[in-house]
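Below: the structure, in structure tokens.
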Amino acid sequence: MRLKNIGVFVLVFLIIWSCKKDDDSPGTIVPPRSIIEVAAEDDAEIREFLSTHFFNYEEFQNVEEGFDFKIRFDTIAGDNEGKTSILDSGSLPGIEFGMEKITVASAGFGVSDEEVAEHTFYYLIARQGTSENTPTIGDNVVLRYEGSLLDGTLFDASSNQPITFNLSGVVQGFGNGVEYFKSGTDLIVNGDGTVSYSDYGIGAIFIPSGLAYFNRGSGSSIPAYAPLIFKVDIFTFEEDTDFDGDGIPSILEDIDGDGNLNNDNTDGDTEFNVFLANYNDTDDDADGIPTREEIVLDEEGNFVEFKDTDGDGTPDHLDRDS
Ligand SMILES: [Ca+2]
Ligand SMILES: [Ca+2]
Ligand SMILES: [Ca+2]
Ligand SMILES: [Ca+2]
């Protein structure tokens with residue numbers, strides 16, 4: 001009887017609480033907005049920023065002794081009236097190639113309206129690195145970054161020492177952007193054992209919220225639906241990173257080839273309370289045989305090719321019956 005009363009009390013409390021949610025008090029849960037609408041708004045906000053701001057391009061063009069190679073943004077106004085906007089600076093190569101567009105479904109944020117929207121991200125290259133290749137979305141990259149909102153509020157930054165990120169383990173738009181940067185080539189070991197790099201790539205990435213935190217925001221510093229700016233220094237990267245060490249370079253574990261490694265999980269039906277995408281799973285098909293033993297590796301353990309023993313078009317490491 002008492003338990004039942006408690007049950008009624010809890011129910012009443014929940015009803016009162018959920019009625020209160022309709023007002024705008026802190027902690028209000030608002031249904032997620034349409035990703036199509038938000039994508040268009042975010043793009044307009046980013047383009048507004050890019051057309052009303054400039055970066056210190058002159059310092060990058062005529063490098064003087066003591067320049068710290070840091071990007072600085074400022075408004076085109078007053079003494080800076082004559083500056084060229086970021087949008088017109090010629091330093092957004094994506095614009096020349098028709099922009100970089102990425103399709104995102106609202107379902108990726110747990111939103112059930114089944115909307116899909118094309119998102120544009122913009123990347124500014126202040127200095128192109130000198131490496132031969134650029135990293136892929138599967139690679140480990142050694143970098144430094146600084147994240148801010150469009151109004152300049154800094155929400156996160158790495159310390160001055162380089163850190164390593166796997167591009168599939170960070171905010172999607174960040175990884176998509178870094179793929180366009182070349183890194184440095186020279187590693188300098190300093191007297192105190194620390195390392196530094198020369199000729200590395202320097203730039204910034206401007207991403208809509210649909211390629212970041214969308215309706216969730218992050219912590220107290222990133223509100224919902226906030227476009228983000230990341231300034232980045234790309235020092236070096238591990239080519240063909242094999243994140244899970246199963247013998248297959250991560251980029252080859254993008255089964256549907258959409259540039260997103262987090263949505264390929266062959267044995268998802270066997271995984272409860274976990275989600276190990278193939279690039280992070282050492283037995284991709286959960287048949288008990290490690291992936292490493294179901295592919296062809298050379299003597300040094302480098303990937304050579306996939307096997308398809310029963311010739312059904314599905315490679316052995318993704319095929320439970322071979
Ligand atoms: Ca792998
Ligand atoms: Ca994929
Ligand atoms: Ca898996
Ligand atoms: Ca297997």
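Which value, in Å³ per residue, describes the convex hull spanned by the Cα atoms of segment 250-318?
Expressed per residue, the convex hull around the Cα atoms of segment 250-318 is 98 Å³.
For the chain, modelled as a GNM whose springs connect Cα atoms under 10 angstrom apart, the maximal fluctuation among ASP256, ASP74, ASP42 occurs at ASP256.
Using alpha carbon centroids, what distance separates segment 160-174 and segment 78-151, in Å? A separation of 14 Å, based on Cα centres.
For each of THR120, THR153, count neighbouring Cβ atoms within 10 Å of the residue's Cβ, then give the residues from fewest to most. If you can, show how the numbers build up before the last one.
Values: THR120 20, THR153 12.
Least to most surrounded, the residues fall as THR153, THR120.
Taking the Cα centre of the chain as reference, the dipole from Cβ charges on Lys and Arg (+1) and Asp and Glu (-1) amounts to some 2200 debye.
If R0 equals 22 Å, the separation of the Cβ atoms of THR153 and ASP68 corresponds to a calculated FRET efficiency of about 0.50. Amide H to amide H distances under 5 Å link ARG216 with TYR225, where only residues 5 or more positions off or on other chains count and H is placed in the peptide plane. Note on the chain: helix-only mean residue ellipticity at 222 nm, from DSSP H runs of 4+ residues weighted -39500 (n - 2.57) and normalised by residue number, equals -5000 deg cm²/dmol. Here the mean projected area of the convex hull built on the C-alpha positions of the chain is 25.2 nm². What residue among ILE289, ILE229, ILE86 shows peak mean-square fluctuation when the chain is described by a Gaussian network model with Cα springs under 10 Å? Its mean-square fluctuation being the largest, the pick is ILE289. State the percent of C-alpha pairs, over all pairs in segment 68-132, separated by a distance greater than 14 angstrom. That fraction is 71 percent. Cα convex hull, segment 153-300: 173 Å³ per residue, rounded to a whole number. Count neighbours as other Cβ atoms within 10 Å of each site's Cβ, and list the GluC sites (Glu not before Pro) in segment 77-144 that are DSSP loop with at most 16 such neighbours. Listed in order of number, the matching sites are GLU81, GLU114, GLU132.
Values in this text are rule-based calculations from the coordinates and carry no lab data. Remember, it's a predicted structure, so these values are computed and weren't measured experimentally. Glycine gets a Cβ as well: all are built from the backbone with ideal geometry, and neighbour counts include every protein chain shown.
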